[in-house]
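Visitor: Let me begin by handing over the structure; questions about it come next.
No value in this document is a laboratory result; all are computed from the given coordinates. All values derive from a computational prediction rather than experimental measurement. Positions of Cβ are generated from backbone atoms using ideal geometry, with glycine treated the same way; all protein chains shown enter the neighbour counts.
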Amino acid sequence: MCIVDTSVVGAATAGSDRHNIVHRDLKPENLLIDHEGHIKLTDFGFAKYVVDKYESRSCVCVAFGDYPLTSRTCTRTWTMCGTPEYIAPEIVLSKGHGKGVDWWSMGVLIYEMLIGYVAPTS
């Protein structure tokens with residue numbers, strides 16, 4: 001079951017990534033199961049529209065309406081937010097972060113699904 005859940009969460013994370021959205025709060029509490037057993041990613045309260053610095057084409061962000069990329073579009077964000085157990089090191093170190101922080105959170109989530117508890121932090 002863990003493999004199925006991981007693949008669905010990975011697909012949701014890749015979808016957000018493709019639309020240049022950083023969720024920044026991926027955790028079990030933000031994954032809901034609908035009446036057909038499908039996993040849904042919820043709570044986009046900390047989400048932010050961020051693009052790769054090498055991306056220059058114009059695109060549309062489906063989840064947040066039409067946001068054409070301009071020179072004012074953020075490539076990184078520095079806001080300290082998220083759940084401490086799932087937060088990526090670059091957020092804690094205030095080095096600026098992009099879409100990779102969701103993949104870090106997904107790794108912590110996979111660890112928790114396999115082992116049964118969140119990895120110890122110091």
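Visitor: Taking the Cα-to-Cβ direction at ALA14 and at ILE39 and moving 7 Å from each Cα, how far apart do the two end points lie in nm?
Guide: For ALA14 paired with ILE39, the spin-label model returns 1.4 nm.
Visitor: Given the peptides 26-37, 91-102, arrange them by the average over their residues of other C-beta atoms within 10 Å, most packed first.
Guide: 91-102, 26-37
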